[in-house]
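**Q** I'd like to ask you about the structure that follows.
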Amino acid sequence: MPITTIAFDGDDTLWHHENFMEEAQDDFHNLMNSIGSYPDARKHLEDKHIADLTLWGYGVRSLVLSMIEVSINMTGGMITGDKMKEIMEIGKKLYMHPITLLEHVAETIIHLHNRYQLVLITKGDLIAQEMKISKSGLSKYFDGIEIVTEKNVETYQKILGRYKINPAEMIMVGNSIRSDILPALKIGAQAIHIPYHTSWQFEVAEVAETDKNKFVVLPSMKSVPELLERLEKSGEKKLSDICQESCDLRF
Ligand SMILES: [Mg+2]
């Protein structure tokens, strides 16, 4: 079945994100250690953020809420209003950072948008994601933009149902094995994994042996159009078949 739709993840696939989140966590760690000796501050923050994802959701706001709670817990309620204000500033800085597209993203999206239906599927808090999409300058190239609270099988099925896309016609491109690759494979779509140089521990997931040959790993967005052209010319083959035959695309 010919591919009609390419879906892209946003954070760390189209634009840099995790490096800013890590910087904010470092800022929090330093802030806590300007108050006292809290060598585990960063670790506590990471754990709390993940533990409360189902309550606060993903993204900047949930990280700030976790910073507030961890700072109260770690200081036994003694954190001052001034320090609390500094935590809010760390969060505001995260919202204000410039959007930098990853290498080869702009030309690839522009190249593909006349050839395929492009859908952006991104998770995180709504305001932060809307700001990023707007600042990216890419929204006009997408036929659909979906900001979701979770990226799992149900989410992808709902989106594909709404767009009337057969999963076999779609390729998902993203940096997260857990959120982009595994659920896409599970619904019967194909997937291209483009790892980002750093991963949030929550997004790291084991890939079962049986799934390892079902998706393609590329070092950047640069090779995506070439791979898609080869797929089109190959007839009924899948991306993973092409890559297994001649994996010079894994450069
Ligand atoms: Mg991502």
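**Q** Identify all residues within region 112-132 that are open to solvent by 20 Å² or more (accessible area, probe 1.4 Å) and either under 12 Å from Ile145 (Cα atoms) or aliphatic (A, V, I, L, M) (or both); write none if there are none.
**A** Across region 112-132, the qualifying residues are Gln117, Lys123, Leu126, Ile127, Glu130, Met131.
**Q** Give me the pairs, please: first residue somewhere in region 126-146 and farther than 27 Å from Gly161 by Cβ, second residue anywhere and at pLDDT 95 or above and part of a helix (DSSP H, G or I), beta-carbon distance under 8 Å, and either six or more positions apart or on two chains.
**A** Close Cβ pairs satisfying both conditions: Gly137/Ala106.
**Q** If a residue must be open to solvent by less than 40 Å² (accessible area, probe 1.4 Å) and not polar (S, T, N, Q), how many such residues does region 21-45 contain?
**A** Result for region 21-45: 8.
**Q** Related question: Could you run through region 202-225 and say how many residues are open to solvent by 90 Å² or more (accessible area, probe 1.4 Å), in contact with a helix residue (DSSP H, G or I) (Cβ under 8 Å, 6 or more places away or on another chain) and part of a helix (DSSP H, G or I)?
**A** Of the residues in that region, 1 qualify.
**Q** Moving on to the next point. Among Met67, Met78, which is open to solvent by 80 Å² or more (accessible area, probe 1.4 Å), modelled with pLDDT of 95 or more and of a type in the set (A, V, I, L, M, F, W, C)?
**A** Met78
**Q** Which one is farthest from the chain's Cα centre (by Cα), of the residues in region 152-194 that are on the phi < 0 side of the Ramachandran plot and among the basic types (Lys, Arg)?
**A** Arg162
**Q** Next question, about the same structure. Restricting to region 86-96, and then to whatever is touching a residue at least 24 places away in the same chain (Cβ under 8 Å) and more than 16 Å from the ligand (Cβ to nearest atom), can you tell me which residue is nearest to the chain's Cα centre (by Cα)?
**A** In this case the residue turns out to be Tyr95.
**Q** Check off (1) over 17 Å from the mean Cα position of the chain (by Cα); (2) modelled with pLDDT under 95 for Gly59 and give me the number that stays unchecked.
**A** All conditions pass for Gly59, except number (1).
**Q** Just one of Glu130, Glu154, Glu169, Glu203 is away from the ligand (no atom under 15 Å from the Cβ), within 18 Å of Phe20 (Cα to Cα) and not polar (S, T, N, Q); which is it?
**A** Glu130
The values are calculated or read from the model by the stated rules, or taken from the named source; none is laboratory data. The structure displayed is predicted, hence computed values, not measured ones. Note that each Cβ is placed from the backbone with ideal geometry, even for glycine, and that neighbours are counted across all protein chains shown. Ligands, DNA and RNA are stripped out before the accessible areas are found, and what is left, the full protein with its side chains, is counted by its heavy atoms. Shrake-Rupley method; radii C 1.70, N 1.55, O 1.52, S 1.80 Å.
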